[in-house]
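Below is one structure, written out as structure tokens; the observations come after it.
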């Protein structure tokens, strides 16, 4: 949906397509939406958490 910004960045586009297949597979395996929604949240949270950890090490 909002992943248009990745169209000009092939490496990130490849990553997003891979994650999409993983989330789709998780939906198929779990039979519901809760597991892929939680996984999507965790995937989106990871860069934020890593950045905070990096900032904490600098201080």
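A few notes on this one:
- Flag for residue 32 being on the phi < 0 side of the Ramachandran plot, without any contact (Cβ under 8 Å) to a residue 60 or more places away in the chain, more than 13 Å from the chain's Cα centre (by Cα) and not in a helix (DSSP H, G or I): yes
Table: residues versus (1) free of Cβ contacts under 8 Å to residues at least 12 places away in the same chain; (2) surrounded by 13 or more Cβ atoms within 10 Å (Cβ to Cβ); (3) touching a helix residue (DSSP H, G or I) at 6+ places or on another chain (Cβ under 9 Å); (4) in a helix (DSSP H, G or I).
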site: 7; (1), (2), (3), (4): yes, no, yes, yes
site: 15; (1), (2), (3), (4): yes, no, yes, yes
site: 19; (1), (2), (3), (4): no, yes, yes, yes
site: 23; (1), (2), (3), (4): no, yes, yes, yes
site: 46; (1), (2), (3), (4): yes, no, no, yes
site: 52; (1), (2), (3), (4): yes, no, no, yes
site: 57; (1), (2), (3), (4): yes, no, no, yes
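Laboratory data are not the source of any read-out in this text; all were calculated from the coordinates shown. Being a predicted model, the structure only gives us computed values, none of them experimental. Every residue, glycine as well, gets a Cβ built from its backbone with ideal geometry; the counts of neighbours run over all protein chains shown.
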